[in-house]
Amino acid sequence: MDNAVIISVGGGKGGVGKSTITANIGALLVRNHYSVGFIDADLGGANLHLCLGVRRPLRGLQDYLTGKYKTLEEITVPVSLPNSWLISGASDILELANPRFSQKQKIIRNIAKMEADFVLVDLGAGSDNHVTDFYAAFPCGIIVTDGLPTSIENAYGFLKNGVLRGLVRLFSGNGEIVDSVRRFSDPQSGRAYATVGEMIEGLTRRFPRAAQEMRRWLQRRRTFLVLNMVKESEDVRVGERFAEMVKKYLSLNIYYIGYIVFSPDVRKSIKTMRPLVEYCGASRAAECFAAVTNNLIALTKGCF
Ligand SMILES: Nc1ncnc2c1ncn2[C@@H]1O[C@H](COP(=O)(O)OP(=O)(O)OP(=O)(O)O)[C@@H](O)[C@H]1O
Ligand SMILES: [Mg+2]
């Protein structure tokens, strides 16, 4: 079996629809005959299980982190969809909301060994390292925003921190390189560079190999933008502008793979604990999910 395509789903802001989008894309991947693993990496307020028909998961990441189970396979639970599995997060164990770096690394390393065609990793809200390390760890990531200025700013902050975390981790042993990256990220430090591209350019003369490696790391990444809760056709343009900004300032390959209309059916589907595409497959929102999923398949499968 080929390696799974692992895709993180983040957005910086809370409540923009990350878990809803994870569940619906996953359900459509299953319908397209792919096997799918769902991982709820929201360690502070896990609830992806509720979008997938599981009222109380019997096991979850807390059991893995506390050593009760030794492998990720052992903590998978079945969901309402065929050909798929779920690893639930933790919602009420405070110390797990901020796991140690080594604990996070252990999860990340072992996700890559899981069997599935696609593994979708649903992230919690926020842009701090606990969240963005998951985005930086895998070459593919979906970024969800509802297009409002606050949400756009959070999404940008999420991607910026994710990129910088990824670049710093490539050279954690080289203080000078790490300082350059940190200077870029800290607005108080009188940074010399306006864009990630300029920062790498600035490193090229003294550290040509490191600069080359950074460029390669960025080139390998694919970030997929989904605009959620769209109410007017004008909103759709917001996604295009955001993608242009991310390309220009963060040097990320970002693909705007579509939008999901705002629909009361989405909320209703959550009450039935089923993805909308299962509960109400003929709706406009379901059509949007299908378009987004088709784009995602086209841009990932066979590429890695
Ligand atoms: N397209 C949509 N139309 C209408 N309601 C939506 C849409 N997408 C999501 N919602 C609703 O918004 C709420 C938040 O969605 P969801 O839990 O998926 O967000 P989240 O980003 O995962 O939140 P958190 O940051 O808490 O993990 C839910 O009640 C969901 O039903
Ligand atoms: Mg969520």
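Kindly indicate whether any position in the stretch 203-210 is open to solvent by less than 60 Å² (accessible area, probe 1.4 Å), in contact (Cβ under 8 Å) with a residue 40 or more places away in the chain and over 30 Å from Thr293 (Cβ atoms).
yes
Of all residues in the stretch 142-164, how many are in contact with a Gly (Cβ under 8 Å, 6 or more places away or on another chain) and within 14 Å of ligand 1 (Cβ to nearest atom)?
10
Counting only residues that are in a helix (DSSP H, G or I) and within 16 Å of ligand 2 (Cβ to nearest atom), which one in the stretch 247-270 is surrounded by the fewest Cβ atoms within 10 Å (Cβ to Cβ)?
Within the stretch 247-270, the match that is surrounded by the fewest Cβ atoms within 10 Å (Cβ to Cβ) is Arg267.
What number goes with the only condition from (1) of a type outside the set (Gly, Ala, Ser); (2) open to solvent by less than 60 Å² (accessible area, probe 1.4 Å); (3) within 16 Å of ligand 1 (Cβ to nearest atom) that Leu218 does not pass?
(3)
Just wondering, is there one or more residues in the stretch 126-145 that are open to solvent by 40 Å² or more (accessible area, probe 1.4 Å) and under 20 Å from Ile297 (Cα atoms)?
Yes.
Any chance the stretch 267-290 includes a residue that's among the β-branched types (Val, Ile, Thr) and modelled with pLDDT of 95 or more?
Scanning the stretch 267-290, I find no residue that is among the β-branched types (Val, Ile, Thr) and modelled with pLDDT of 95 or more, so the answer is no.
Condition test on Leu52, is it touching a residue at least 12 places away in the same chain (Cβ under 8 Å), more than 10 Å from ligand 2 (Cβ to nearest atom) and of a type in the set (A, V, I, L, M)?
yes
Against the conditions (1) at pLDDT below 95; (2) in contact with a Leu (Cβ under 6 Å, 6 or more places away or on another chain), where does Thr204 fall short? Just the number, please.
(2)
Could you list all residues from the stretch 109-137 that are assigned to a helix (DSSP H, G or I) and of a type in the set (A, V, I, L, M, F, W, C)?
Those that are assigned to a helix (DSSP H, G or I) and of a type in the set (A, V, I, L, M, F, W, C): Ile111, Val131, Phe134, Ala136, Ala137.
How many of the residues making up the stretch 177-200 are at pLDDT below 85 and out of contact with any Leu (no Cβ under 9 Å at 6 or more places or on another chain)?
Adding up the residues that qualify gives 11.
Please work out which residue is most open to solvent (accessible area, probe 1.4 Å), limiting yourself to the stretch 1-48 and to residues that are part of a helix (DSSP H, G or I) and more than 10 Å from ligand 2 (Cβ to nearest atom).
That would be Arg31.
Kindly establish whether Arg165 is in a helix (DSSP H, G or I), touching an Asp or Glu at 6+ places or on another chain (Cβ under 8 Å) and open to solvent by 40 Å² or more (accessible area, probe 1.4 Å).
Answer is yes for this residue.
Quick one: Asn110 ticks every box in (1) in contact with a strand residue (DSSP E or B) (Cβ under 6 Å, 6 or more places away or on another chain); (2) within 22 Å of Tyr135 (Cβ to Cβ); (3) at pLDDT 95 or above bar one, so which box is it?
Only one criterion is unmet by Asn110, namely (1).
Select from the stretch 154-180 the residues that are charged (D, E, K, R) and closer than 18 Å to Arg216 by Cβ and list them in ascending order.
Selection gives Arg165, Arg169.
When you go through (1) on the phi > 0 side of the Ramachandran plot; (2) touching a strand residue (DSSP E or B) at 6+ places or on another chain (Cβ under 8 Å) one by one for Ser251, which number turns out not to apply?
(2)
Please pick out the residue among Val77, Val36 that is over 25 Å from Ala285 (Cα atoms) and more than 9 Å from ligand 1 (Cβ to nearest atom).
Result of the check over Val77, Val36: Val77.
Would you be able to tell me the number of residues in the stretch 232-246 that are among the small types (Gly, Ala, Ser) and either open to solvent by less than 40 Å² (accessible area, probe 1.4 Å) or in contact with a His (Cβ under 9 Å, 6 or more places away or on another chain) (or both)?
Count: 2.
Any chance you could count how many residues in the stretch 275-302 are under 21 Å from the mean Cα position of the chain (by Cα), in contact (Cβ under 8 Å) with a residue 24 or more places away in the chain and open to solvent by 30 Å² or more (accessible area, probe 1.4 Å)?
5
The values are calculated or read from the model by the stated rules, or taken from the named source; none is laboratory data. No experiment lies behind these values; they were computed from the predicted model shown. Positions of Cβ are generated from backbone atoms using ideal geometry, with glycine treated the same way; all protein chains shown enter the neighbour counts. For the accessible areas, the whole protein counts, side chains as well, though only heavy atoms, and no ligand, DNA or RNA atoms are used. Shrake-Rupley method; radii C 1.70, N 1.55, O 1.52, S 1.80 Å.
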